[in-house]
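The values are calculated or read from the model by the stated rules, or taken from the named source; none is laboratory data. Model, not experiment: these values are computed from the prediction. Neighbour counts run over all protein chains shown; Cβ positions are idealised from the backbone, glycine included.
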Amino acid sequence: MDLCFGCIVEGQGESSALPILLRRIAAEVDVSIRVQTVIARHSRHLLVRDGELERAVQALSYRLHSRSGILVVLDSDDDPACALGPALLRRAKGVRPDVRTRVVLATREYETWFLAAAESLAGKCGLRPDLVSPQEPEVIRGAKQWLTRNMEAGQIYSPTRHQPALTAQFDLAAARSAKSFDKFCRDVCSLILDLRDAV
C-alpha cells in the first residue's frame, strides 16, 4: 500500500533525512506500506507568523493525492513545544480540516534526537567510537555543535551531509528517551494507521 506524507520542514538536511525516518518507522508499523513524501521547505521564523503556515499547508495540500497526510516538523529552538506545537496544529487544521495533519517540534533541534541515541552512532560518520549520550539531551542548546565536538579530529558536523546518514542509522528505540522524538514516533504511527485504514 502506498501512503503519501506531505512534509513541511525548515532545513535542507531535514528535506533529505525525514523521508528516510518515515520509511524506517513505517516498516516497523506495517512492512507492506510504501511511504512517498512530498517535501516543502519553509523558514521557521516565517511559519510561526500568522497566515504563513496556513499558506504553506494550503499549497502543499494541492500536491497530495488520496491516502495522504501532512506532517509539520520544526525545531522548537527556545520556544516551549507544549504551547507552540498545539497552536501550529490548530492553525494547520483550520485551513485544511479535511486533511489528516500532525505537528511535531523537535526540542531544541532535530539533531537532539541523535544525542538521545548517541551510543548507536558511535564510530559512524566520523563520530568518536566511544560516544556516549548526554544525560539530558533535550536540555542541550547546540546539538550540532555537540556532534562536532564529538567527532574525530578535523571533522565538522554538516546537516546536509550527516543528517540523512545518521537518520538511517540511529537507534529509534533509544532515541525515544527524548520526549519530542517519542511524540514524533507516536504521531507518525497514528498518521500511518489513519491513512492505511481510511475507507
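Numbers at a glance
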| quantity | calculated |
| --- | --- |
| Residue list for region 157-182, restricted to those being in a loop (DSSP other than H, G, I, E, B) and either farther than 24 Å from R41 by Cα or not polar (S, T, N, Q) (or both) | Y157, A168, F170, D171, R176, S177, A178 |
| For V57: the one exception among (1) at pLDDT 95 or above; (2) in contact with a Lys or Arg (Cβ under 7 Å, 6 or more places away or on another chain); (3) closer than 27 Å to A165 by Cα | (3) |
| Tally, over region 89-100, of residues that are in contact with a strand residue (DSSP E or B) (Cβ under 8 Å, 6 or more places away or on another chain) and surrounded by fewer than 21 Cβ atoms within 10 Å (Cβ to Cβ) | 5 |
| Residues of region 51-82 satisfying the condition of being assigned to a loop (DSSP other than H, G, I, E, B) and under 21 Å from G13 (Cβ atoms) | S76, D77, D78, D79 |
| I156, sole failed condition from (1) free of Cβ contacts under 8 Å to residues at least 12 places away in the same chain; (2) buried (at least 19 other Cβ atoms within 10 Å of the Cβ); (3) of a type in the set (V, I, T) | (2) |
| Qualifying positions in region 187-199 - assigned to a helix (DSSP H, G or I) and either under 17 Å from L74 (Cβ atoms) or of a type in the set (G, A, S) (or both) | D187, V188, S190, L191 |
| Residue satisfying condition, being surrounded by 13 or more Cβ atoms within 10 Å (Cβ to Cβ) and hydroxyl-bearing (S, T, Y), within set S66, S76 | S76 |
| Near pairs, Cβ below 7 angstrom, 6+ apart or cross-chain, from region 67-93 (under 18 Å from P137 (Cα atoms)) to any residue that is of a type in the set (D, E, K, R) | L74/E10; L74/R44; D75/E10; D75/R44; D75/R108; D75/E109; S76/R108; D77/R108 |
| Residue that is nearest to H65 (Cα to Cα), among those in region 83-124 that are within 17 Å of the chain's Cα centre (by Cα) and in a loop (DSSP other than H, G, I, E, B) | Y110 |
| Residue that is nearest to the chain's Cα centre (by Cα) [pool: residues in region 147-189 that are among the hydrophobic types (A, V, I, L, M, F, W, C) and farther than 21 Å from V104 by Cβ] | A165 |
